[in-house]
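The numbers here are math on the coordinates, done by the rules we state, and not lab data. Bear in mind that the values here come from a model prediction, so they are computed numbers and not experimental data. Cβ atoms come from the backbone with ideal geometry, glycine included; neighbour counts cover every protein chain shown.
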Amino acid sequence: KRFTIEDGVAVLKITKFSELLLSGTVTSAAMVNGESYPTLQAAIDAASSGDTIVLQPGVGSEKVSVSRKSLTIDVGTTGYSKDNISLGSRCRMSEDGSKLVITYKKPSSSDSSTEKTYAVSTEKSKNGTVKLSDAKAAKGDTVTITVKPDDGYVLDTLTVIDADGDEVKLKDKGDGKYTFTMPASKITVEATFVLATEVEQPTQPTSHLFADIAAGSWIDTAVQYVYANGLMTGVSETEFAPSAATNRAMIWTILARRSGADTTGGANWYEKGQQWAIVNGISDGSNPSGSITREQLAVMLWRTVGCPLGAGDLSAFTDASSISDYAVTAMQWAVETGLMTGNGSGILAPKAGATRAETAAMLMRFCEANQ
């Protein structure tokens, strides 16, 4: 029997012997021409150029890519951020109220000879599947790879190789999706899958490795998290220095690495992170060695997720009036999402320097909420 949809619920009725009613909530991320799709990327892939995609409450903050087609994405009241969308080389995006308008400019006859496309292929994999968003792409286009291991298996390796045998950098978008920027070369995608039981589980470092972090203290879990995820390390093999200040350059570099940017090289250790922060509107890149304040840290994290509206009530904090004007919305967001909770005495201390302990706690909360 086929399911029917009744008030947003999938209903299956079986009438043999007796009636049995099975129901469950239908999760939809987007709709195109009346058809519902479980993910926004699936809707984008299915849509034709010129279609309008209407986002649904289940869309979340999915990372997607659009290339070689013009689309309108109606965000509505979902709060979906345009920063989650990667565009191909000839696509441009503008905003029209609650709609994101993506326009693809086809190569004209005069420059069609320069719009060369290159093959994108994948080797057949055992114990899992690999799907490509494009079989051919032009230089600069964003290509999406979707991997799905068979039951009991996990992805072991995923490599993208150009015609010269060089590896192309991948960005992990989560949920089995990866993207890369197409070079002027044919591409081969190779994936291997292994039994989940064969995967060596990494040893989770514990903060008691640091003599200055008490096991079970309020910062213990946060230090474990940032250390295990490569966000922060100790100032030595035995000390974390939880009360020490965090400087602005450290935050640029941490957030750049988390986004997948390569922070190696440069004139100094933070130059690549500084450039990333400037280009992406996270910071103006000034005063790299200066201690970052709590409100500055909140603003950088807020900008990283697209500057959402904040509804947190700051009136409960006696020093709310000391928050800088530019940071008010970010602090409202930080309080609303639980990134900042104050010191228990009704004080936010927005202009106080963020200690390494406070930074670790905020980074853990931020990353867990924006995986």
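Key figures for this structure:
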| item | result |
| --- | --- |
| Using θ = phi - 60° and Karplus 6.51 cos²θ - 1.76 cosθ + 1.60, couplings along the stretch 361-371 (whole Hz; Gly, Pro as x) | 5, 5, 5, 4, 4, 5, 5, 5, 7, 10, 6 |
| Hits among aspartates and glutamates - C-alpha to C-alpha of K69 under 20 Å, sequence gap 8 or more where chains match | E35, D45, D51, D83, E95, D96, D111, E115, D134, D141 |
| Under 16 Å from the Cα of K169 - lysines, other chains or at least 8 residues apart | K139, K177, K186 |
| Cβ-based exposure ranking for M362, M340, in which fewest neighbours within 10 Å come first | M362, M340 |
| Residues with amide H under 5 Å from that of S283, placed H, sequence gap 5 or more | I278 |
| Neighbour-count ranking [beta-carbon atoms within 10 angstrom, fewest first] of W252, W218 | W218, W252 |
| Computed [θ] at 222 nm, deg cm²/dmol, the chain (DSSP H ≥ 4; -39,500 (n - 2.57); rounded to nearest 500) | -5500 deg cm²/dmol |
| Eligible aspartates and glutamates near K171 by straight Cα distance, threshold 13 Å, same-chain separation 8 or greater | D262 |
| Cα-only Debye scattering, the stretch 156-315: base-10 log of I(q)/I(0) at q = 0.11, 0.15 Å⁻¹ | -0.65, -1.10 |
| Solvent-free Debye scattering, log10 I(q)/I(0), computed from the Cα coordinates of the stretch 120-171 at q = 0.18, 0.24 Å⁻¹ | -0.66, -1.08 |
| Principal axis box of the chain, alpha-carbon based, largest edge first, Å | 63, 60, 50 |
| Span from the the stretch 173-198 Cα centroid across to the the stretch 63-95 one, whole angstrom | 22 |
| Phi-based couplings in Hz for the stretch 287-303 (Karplus 6.51, -1.76, 1.60; Gly and Pro marked x) | 6, x, 8, x, 5, 7, 8, 5, 6, 5, 5, 4, 5, 5, 5, 5, 5 |
| Amide H contacts of T122 (H built 1.01 Å from N, under 5 Å, at least 5 apart or other chain) | V189 |
| Cut-off of 10 Å, at most 16 other beta carbons, DSSP loop: longest stretch of the chain lacking such GluC sites (Glu not before Pro) | 240-371 |
